2 protein chains.
Amino acid sequence: MINLTFNHEHLADFLSDEELLIMQDEVSVCHDMLINKTGKGNDFLGWVDLPAEIDEALLSSIEEDARKIREIAEVFVVIGIGGSYLGARAVIEALNHPFAGMMNSGKKSPVVIYAGNSISQDYHASLLELLSEKDYAVAVISKSGTTTEPAVAFRILKAHLEKKYGKESARERIISITDKSRGALKKLSTDEGYKTYVIPDDVGGRFSVLTPVGLLPIAVAGYDIRQLVAGAKAMREACIITPSILDNPASRYAAIRNSLYRMGKQVEILVNYEPSLQYITEWWKQLYGESEGKEGEGIFPAGVGFTTDLHSMGQYIQDGQRMIFETVITVDSPAKMLNIPHDNADLDGMNFIAGKSLNEVNQMATLGTVLAHIDGDVPNLGISLPKLNEETIGELLYFFEFACGLSGYILGVNPFDQPGVEAYKKNMFALLGKPGYEKESDAIRARINGE
Amino acid sequence: MINLTFNHEHLADFLSDEELLIMQDEVSVCHDMLINKTGKGNDFLGWVDLPAEIDEALLSSIEEDARKIREIAEVFVVIGIGGSYLGARAVIEALNHPFAGMMNSGKKSPVVIYAGNSISQDYHASLLELLSEKDYAVAVISKSGTTTEPAVAFRILKAHLEKKYGKESARERIISITDKSRGALKKLSTDEGYKTYVIPDDVGGRFSVLTPVGLLPIAVAGYDIRQLVAGAKAMREACIITPSILDNPASRYAAIRNSLYRMGKQVEILVNYEPSLQYITEWWKQLYGESEGKEGEGIFPAGVGFTTDLHSMGQYIQDGQRMIFETVITVDSPAKMLNIPHDNADLDGMNFIAGKSLNEVNQMATLGTVLAHIDGDVPNLGISLPKLNEETIGELLYFFEFACGLSGYILGVNPFDQPGVEAYKKNMFALLGKPGYEKESDAIRARINGE
């Protein structure tokens, strides 16, 4: 049984079920490629069976390390970029108190902070100021150990930790998550004696949230990784059992978005009505953008938070270029209670909703917006979760992953590579004079000088 | 003299200066409409002369109120949505310590937190938990006082403040920013005796950052509003003196983005290389999305933070649908120092940049990325600031505002209205049974029930 529901009840004006079902054969072929690992990029399909295969020993080990870190750290720094931090951040921020770092009372978990996900000097210098005041531990996450951003950040934080705690104690505060046998971070971890977790060979960064890459930080933040995995496992069963567009929500989402794309809808906006879901959107943007944005193709992934952005992007979505569709994530029940107070003067005219919960108003805003945007010729899809917890988020993540694999295959690309990510790195290394880039270095300098 | 430079040196492959200058007549007409207030929406052009007209008494009053709030509040809650919070948040977060709420040392300013910019029940219930632990004050910002999100949030926080401090003391902790004479919030403020600032009639929300809407929260956060205004004033002079595409950076930006739009570039991505600029991007998305996204027209505004998102949206930008262009904001000099340490083992191979500042690497990443994206057929524009401070941010904000007015006129729309924002509100009120919406209520219920 899964809790997530995917609905396309408002799609009929744009695409009928009959038109949608025309895609069933295509979807079935792609579903088969994914399940039987016969399609492009099939050496990176480890994520498909991951939720069913995670073993007890790994989960226990992560939980035990998380427990130790929670005892010694007020701050937990996750060093990683792209898929090495977005999955953990998406889950943690969805469940965390929005003012976790400022609260005195309540659950005392380490505050998770991210580093090595940019090269900003001011950001990293400010981070060191904070870390000078706090007890902290670090996870360094990199398959190779040579990606510039996390490598630079880890150099800085390793030196800081060793100065603050001494080399021996610093060792106890560092966990590395990297390749099982190769690479700079693997060798460094062995040399230094760091506790190390493995990133499986057949799981790419953007699909890695259910490996230690995501699970360790999520456990340190105090969340139940077994429930997260259980949610993903339940969704996996719903996704692999049938390719049917009507019965499999991932097949339906993949078919609809490709249909809309073929009809000229070039931009998909992922919408939420909870600020805590911002990083679910960022994670989704990488998942779909990096999987489908290639060979001159792919839906451009964008995100908004409502009702917040109804007062910024709302005008555009209602009336701008008609090349967009929306996928709206809603959560039925909030975790906390809050009602709108009655006011005798009623100058603001809000007494007609006094006594209602904020959530009731948020739900009517959601429905009102969906109808308004449909009237504005913006197709709307809906994903709803009964509440936000580890289990439902596990379902949501796997749903998006499986639909992404299907959708990329339907589009005709390899959804599991990212050749375009190298282009800027090559130029950057050439400009910085990295050994081995001498020829590129000469070429790029000549280009800049207009020669 | 202005510090900001806008450059289009990499545009030649897509659009030559000769092709660009073909637009000069169009730009000149629109520039004239803006300066002489003869175009559409000309009753909302108060922002054009605002930086030159702000008087000393207003600035002093804001500074004095900010000083009082800084003495009594650890947290300052800004209640507002859309343009009522985005400008303040953009400036404050650009200049703030990224971990301000968690630091023990350093400058002790109130932490600015936002409310009434969503209807999330969990967010606002969590905010109350925080506010129970902190001394706080509130700014409530709304022209009418009846916009649902801020009205609901203010009801809740007013009750909370009065319970925590008593009615008399609560009064001293509330400042309202609203219409000069009309509306619910104006009346409430008069009845309750709140200190009140005026939102000018002829300045719309998304252009209001240099009114008390933006200036008060920015001053409370500890920043120099006179320098902010001075920067905007200098940029205003550069913008109004000439319509020339070659000499006026706002004319150039407006001309280029309309040229690219006509060539089929339907999405503009605003890029930064500093995480602190995230809300400059959010402010910009409202400014351009709400001004231009109408009548089925308008460039879709999107944002990324690099190098962070080179590992998520980078693949799409390099290789996806060729309908995008980028405008890249860079900051030459960071505020803090940080160099990459040397490491004897050099397992990560980073010793070739050891001793360099992070900023030097960030700059080479920027240049390398611009060149890579140009090679990927993505036109690139550049905005550079020598450093990030109140003055340069003032320039940047006014630059974007003036270019937006011009750009909307070139597009042929009224850049100063937002008719589409009402559609969801009408549905929401109908669904919630607001008095006066009885007919709409019946209609929408019939629609939902499929009648």
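Summary of values
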{"item": "All positions within segment B:1-21 that are of a type in the set (Ser, Thr, Tyr) and more than 18 Å from B:Ala403 (Cα to Cα)", "result": "B:Ser16"}
{"item": "Some residue of segment A:53-66 being under 30 Å from A:Ser384 (Cβ atoms) and open to solvent by 40 Å² or more (accessible area, probe 1.4 Å)", "result": "yes"}
{"item": "Complete set of residues in segment A:261-270 that are buried (at least 21 other Cβ atoms within 10 Å of the Cβ) and in a helix (DSSP H, G or I)", "result": "A:Tyr261"}
{"item": "Wholly within segment A:1-86, helices (runs of 4 or more DSSP H) carrying at least 2 residues that are of a type outside the set (Gly, Ala, Ser), in contact with a Gly (Cβ under 8 Å, 6 or more places away or on another chain) and closer than 20 Å to A:Ala139 by Cα", "result": "none"}
{"item": "Any hit, segment B:191-203, residues being within 14 Å of chain A (Cβ to nearest Cβ), out of contact with any helix residue (DSSP H, G or I) (no Cβ under 7 Å at 6 or more places or on another chain) and charged (D, E, K, R)", "result": "yes"}
{"item": "Residue among A:Val27, A:Val75 that is assigned by TED's automatic domain parsing to the domain that holds A:Ser132, among the hydrophobic types (A, V, I, L, M, F, W, C) and touching a residue at least 60 places away in the same chain (Cβ under 8 Å)", "result": "A:Val75"}
{"item": "Entirely in segment A:333-446, the helices (runs of 4 or more DSSP H) that have 3 or more residues that are open to solvent by less than 50 Å² (accessible area, probe 1.4 Å), farther than 30 Å from A:Phe6 by Cβ and facing another protein chain (nearest Cβ under 7 Å)", "result": "A:422-432"}
{"item": "Residue check for A:Val48: of a type outside the set (Asp, Glu) and within 14 Å of another protein chain (Cβ to nearest Cβ)", "result": "no"}
{"item": "Helices (runs of 4 or more DSSP H) (entirely within segment A:166-248) containing at least 2 residues that are over 18 Å from A:Gly394 (Cα atoms)", "result": "A:167-172, A:184-192"}
{"item": "Qualifying residue in segment A:78-95 (condition: of a type outside the set (A, V, I, L, M), over 29 Å from A:Pro275 (Cα atoms) and open to solvent by 10 Å² or more (accessible area, probe 1.4 Å))", "result": "no"}
{"item": "Residue match in segment A:203-223 (condition: open to solvent by 30 Å² or more (accessible area, probe 1.4 Å) and either more than 25 Å from A:Val75 (Cβ to Cβ) or touching a strand residue (DSSP E or B) at 6+ places or on another chain (Cβ under 8 Å) (or both))", "result": "no"}
{"item": "Cβ pairs under 7 Å, 6+ apart, first in segment B:370-398 and closer than 11 Å to B:Val331 by Cα and of a type in the set (Val, Ile, Thr), second open to solvent by less than 10 Å² (accessible area, probe 1.4 Å) and in a loop (DSSP other than H, G, I, E, B)", "result": "B:Ile383/B:Leu4; B:Thr392/B:Leu4"}
{"item": "Residue count for segment A:130-145, restricted to those that are touching a Gly at 6+ places or on another chain (Cβ under 7 Å) and facing chain B (nearest Cβ under 7 Å)", "result": "1"}
{"item": "Contacts under 6 angstrom Cβ, first residue in segment A:282-296 being within 7 Å of chain B (Cβ to nearest Cβ), partner of a type in the set (S, T, N, Q), 6 or more apart", "result": "A:Lys285/B:Ser312; A:Gln286/B:Ser312; A:Glu290/A:Gln418; A:Glu290/B:Gln315; A:Gly293/B:Gln315"}
{"item": "Among (1) surrounded by fewer than 24 Cβ atoms within 10 Å (Cβ to Cβ); (2) touching a Phe, Trp or Tyr at 6+ places or on another chain (Cβ under 8 Å); (3) outside any helix (DSSP H, G or I); (4) not hydrophobic (A, V, I, L, M, F, W, C) - the single one B:Gly296 does not satisfy", "result": "(2)"}
{"item": "Residue within segment A:358-373 that is within 22 Å of the chain's Cα centre (by Cα) and not aliphatic (A, V, I, L, M) present", "result": "no"}
{"item": "So B:Thr307, is it outside the structural domain of B:Asn96 (by TED's automatic domain parsing), among the β-branched types (Val, Ile, Thr), open to solvent by 10 Å² or more (accessible area, probe 1.4 Å) and modelled with pLDDT of 95 or more", "result": "no"}
{"item": "Residue count, segment B:306-331 (criterion: within 15 Å of B:Pro275 (Cα to Cα), more than 7 Å from chain A (Cβ to nearest Cβ) and touching a Phe, Trp or Tyr at 6+ places or on another chain (Cβ under 9 Å))", "result": "5"}
{"item": "Residue list for segment B:158-186, restricted to those being facing chain A (nearest Cβ under 10 Å) and in contact (Cβ under 8 Å) with a residue 40 or more places away in the chain", "result": "B:Gly183, B:Ala184, B:Leu185, B:Lys186"}
{"item": "Residue selected from segment A:89-105 under the condition assigned to a helix (DSSP H, G or I) and hydrophobic (A, V, I, L, M, F, W, C), by the criterion nearest to the other protein chains (Cβ to nearest Cβ)", "result": "A:Met102"}
{"item": "Boolean, A:Ala254 is within 26 Å of A:Asp55 (Cα to Cα) and not charged (D, E, K, R)", "result": "no"}
{"item": "Matching residues, segment B:273-293, being buried (at least 24 other Cβ atoms within 10 Å of the Cβ), more than 14 Å from the chain's Cα centre (by Cα) and not in a loop (DSSP other than H, G, I, E, B)", "result": "B:Glu292"}
{"item": "Unique residue being at pLDDT 95 or above, surrounded by 20 or more Cβ atoms within 10 Å (Cβ to Cβ) and among the charged types (D, E, K, R) when the list is B:Lys195, B:Lys186", "result": "B:Lys186"}
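The values are calculated or read from the model by the stated rules, or taken from the named source; none is laboratory data. Keep in mind the model is a prediction, meaning the values are calculated, not measured. Note that each Cβ is placed from the backbone with ideal geometry, even for glycine, and that neighbours are counted across all protein chains shown. Protein only, heavy atoms only, side chains kept; ligands, DNA and RNA dropped before computing areas. Shrake-Rupley method; radii C 1.70, N 1.55, O 1.52, S 1.80 Å.
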